[in-house]
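Visitor: A single structure is presented below for examination.
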Amino acid sequence: MKGFIKINKELCKECHLCIIACPQGHIIAGKEYNAQGYRPVCTTNEKECNGCALCATMCPDIAIEVYRE
Ligand code: SF4
Ligand code: SF4
């Protein structure tokens, strides 16, 4: 199974729960600040998303959407 995610960078509050939850290591810490003063997470092409949706389930701010291919 493969998938991809979309992160709403303005909703992210930099808690990093999704990084902990992702079994693939696909989500990494971000460096750029959003309008709220947080640094939203982003994804890395070095590790693939499998579409498991654990990140979206864990996110308290509903900032992640998961799509399966
Ligand atoms: S859907 Fe699963 S594999 Fe993909 S980024 Fe989220 S936790 Fe990681
Ligand atoms: S769990 Fe949600 S709010 Fe927390 S870092 Fe990940 S995307 Fe941002």
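Visitor: Please list, in order along the range 53-59, the HN-Hα scalar couplings obtained from phi with the Karplus expression 6.51 cos²θ - 1.76 cosθ + 1.60 (θ = phi - 60°), rounded to whole Hz, x for Gly and Pro.
Guide: With coefficients 6.51, -1.76 and 1.60, one gets 6, 4, 4, 5, 5, 7, 5 Hz.
Visitor: Straight distance only, please: which lysines reach the Cα of residue 2 with their own Cα at less than 20 Å, same-chain residues fewer than 8 apart left out?
Guide: Once the sequence-local lysines are set aside, what remains near residue 2 is 47.
Visitor: In the P(r) worked out for the range 3-68, what percent of Cα pairs fall beyond 19 Å?
Guide: 20
Visitor: Another question, then. With +1 on the Cβ of every Lys and Arg and -1 on the Cβ of every Asp and Glu, and nothing else charged, how large is the dipole of the chain about its Cα centre, in debye rounded to the nearest 20?
Guide: My answer is approximately 40 debye.
Visitor: I would also like to ask the following. If I model a spin label at residue 8 and residue 50 as a point 7 Å from the Cα along the Cα→Cβ vector, what separation in nanometres do I get?
Guide: 2.7
Visitor: Ok, one more. Suppose a student asked you for the relative contact order of the range 1-51, using Cα pairs under 8 Å spaced at least 6 residues apart; what percent would you report?
Guide: The value is 46 percent.
Values quoted throughout were computed directly from the atomic coordinates according to the rules given, and no laboratory measurement underlies them. This one's a predicted model, so the numbers in the text were calculated from it and none came from an experiment. Note: ideal-geometry Cβ built from the backbone for every residue, glycine included; neighbour counts use all protein chains shown.
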